[in-house]
Amino acid sequence: MKSRIDKLLASNGFGSRRDIKRMLKSRAFLVNGAAVVDPGTVVDSETDSFSWEGKAFKPREKAYLMLNKPSGVVTSTSDPGHDTVMDLLAEPWSLMDLHPVGRLDIDTEGLLLLTNDGPLTHRLTSPKTGVDKTYEARLRDPVGQSAFEEYRAAFGRGVTFHDGYTTLPAKLDLPSNGDADGPNAVQSGAFPRDAVLLTVQEGKYHQVKKMFKTVGNEVIALRRISMGPVRLDRALPPGGYRELSESEIRALRLAVGNDAPVDGESAP
Ligand code: URA
């Protein structure tokens, strides 16, 4: 993968761009045996060889983050009118050309993956290989048991939007205590319930909100709690993020039928 050397080094923990400029100037960093001093030099992390202060160095190219998206920011890499999820990231992540995996509405909270692994993003979001996504939806009209069963049957069959599109079968559940926290907190217990879990296989525009509209209700708050095998880390505050663990990355790859080794790991 080709990139500017200052970006590559920033994403490998060499400090800010200013630190890196200083470090390159000191001729401590060699590419293919020659000192590189220009921070704008384009290198290829797959084919070039790197050494720092005399030691061989294998740069990491890929990054995988889990963000607890807050309400009020758009899922985009740039936007003329709003802050984006990218504005929440500090260096080195902000320098890494990450992109969101799929999309959450501006008012939706919860799990959003960010990566620069294009093929994995494609597989996770493709209708053919995509993974299940579970949302906690708070409803305008709390549901009694019979409405819950009615919704469950309708979503299980697939519901039809105004434009004629019929959704794939989706699964309605009740949250357990473990699903509830934060501002959308859901109490478990008897009906009526004002919050439910919906697991969908696809990611159409306003999918969950539109599904509840077809059964005469309205989503008033929405939070994604899982995507395939990855669950939102409850320790992350809104706007917080962390790197995915190697086992989470491997599980995601397995879920989409691509269990290539994690970047930097040797094949088993
Ligand atoms: N469905 C919605 O309606 N909104 C989202 O943000 C995600 C799924």
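Readers should treat all values here as calculations from the given coordinates under stated rules, not as data from a laboratory. Everything numeric in this text was worked out from a predicted model, so none of it was measured. Positions of Cβ are backbone-derived with ideal geometry, glycine not excepted, and every protein chain shown enters the neighbour counts.
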About its Cα centre, the chain carries a charge dipole, from +1 on Lys and Arg Cβ atoms and -1 on Asp and Glu Cβ atoms, whose size in debye to the nearest 20 is 240
Suppose every Lys and Arg Cβ carries +1 and every Asp and Glu Cβ carries -1, with no other charges. What dipole size does segment 1-61 come out with about its Cα centre, to the nearest 20 debye? 280
Can you report the principal axis dimensions of the chain using only the alpha carbons, biggest first, rounded to whole angstrom? 72, 36, 36
Show which lysines lie in cross-link reach of Lys58 when reach means a straight Cα distance below 19 angstrom and same-chain residues fewer than eight apart are skipped. Lys2, Lys7
So, over other residues within a Cβ distance under 13 Å of Gly102, counting Lys, Arg +1 and Asp, Glu -1, the net charge is +3
Rank Pro70, Pro80, Pro229 by mean-square fluctuation in a GNM of the chain with C-alpha springs under 10 angstrom and give only the top-ranked residue. Pro80
Set Lys and Arg Cβ to +1 and Asp and Glu Cβ to -1, take the dipole of the chain about its Cα centre, and tell me which of Met227, Pro237, Leu114 lies farthest positive. Leu114
With an 8 Å cut-off on Cα pairs and a minimum separation of 6 or more residues, tell me the relative contact order of the chain in percent. 19
Classified through the alpha carbon gyration tensor (a ≥ b ≥ c as square roots of its eigenvalues; rounded if a/c is under 1.5, else prolate when a/b is larger than b/c, else oblate), segment 133-227 comes out prolate
So how much slack lies between Asp79 and Asp132, counting 0.36 nm per residue of separation and subtracting their Cα-Cα distance, in nm? 16.3 nm
Specify the residue with the greatest mean-square fluctuation among Asp38, Asp97, Asp83, computed from a Gaussian network of the chain linking alpha-carbon atoms under 10 Å apart. Asp38
Name the long-range amide H neighbours of Leu174: under 5 Å, sequence gap of 5 or more, or other chain; modelled H, no Pro or chain starts. Leu197
Provide His122, His162 in ascending order of the number of other Cβ atoms located within 10 Å of each residue's Cβ, fewest first. His162, His122
From the residues Ser45, Asn12, Met23, which one has its Cα farthest along the dipole of segment 2-57 in the positive direction, the dipole being from +1 and -1 charges on Cβ of Lys/Arg and Asp/Glu about the Cα centre? Met23
For Ala221, distant residues with modelled amide H under 5 Å away: Arg138
From the phi angles alone, apply the Karplus equation (6.51, -1.76, 1.60; θ = phi - 60°) to segment 76-87 and give each ³J(HN,Hα) in whole Hz, x where the residue is Gly or Pro. 6, 8, 7, 7, x, x, 9, 5, 10, 4, 5, 5
Note on segment 133-227: contact order normalised by length, alpha-carbon pairs under 8 Å, 6 or more apart, percent, works out to 48
Could you check the simple spin-label distance between Glu246 and Ser94, using points 7 Å along Cα→Cβ, in nm with one decimal? 3.1
Springs between alpha-carbon pairs under 10 angstrom, Gaussian network model over the chain: which of Glu202, Glu109, Glu53 fluctuates most? Glu53
Furthest towards positive pole of dipole, Val196, Met211, Leu172, structure part segment 133-227, Cβ charges: Met211
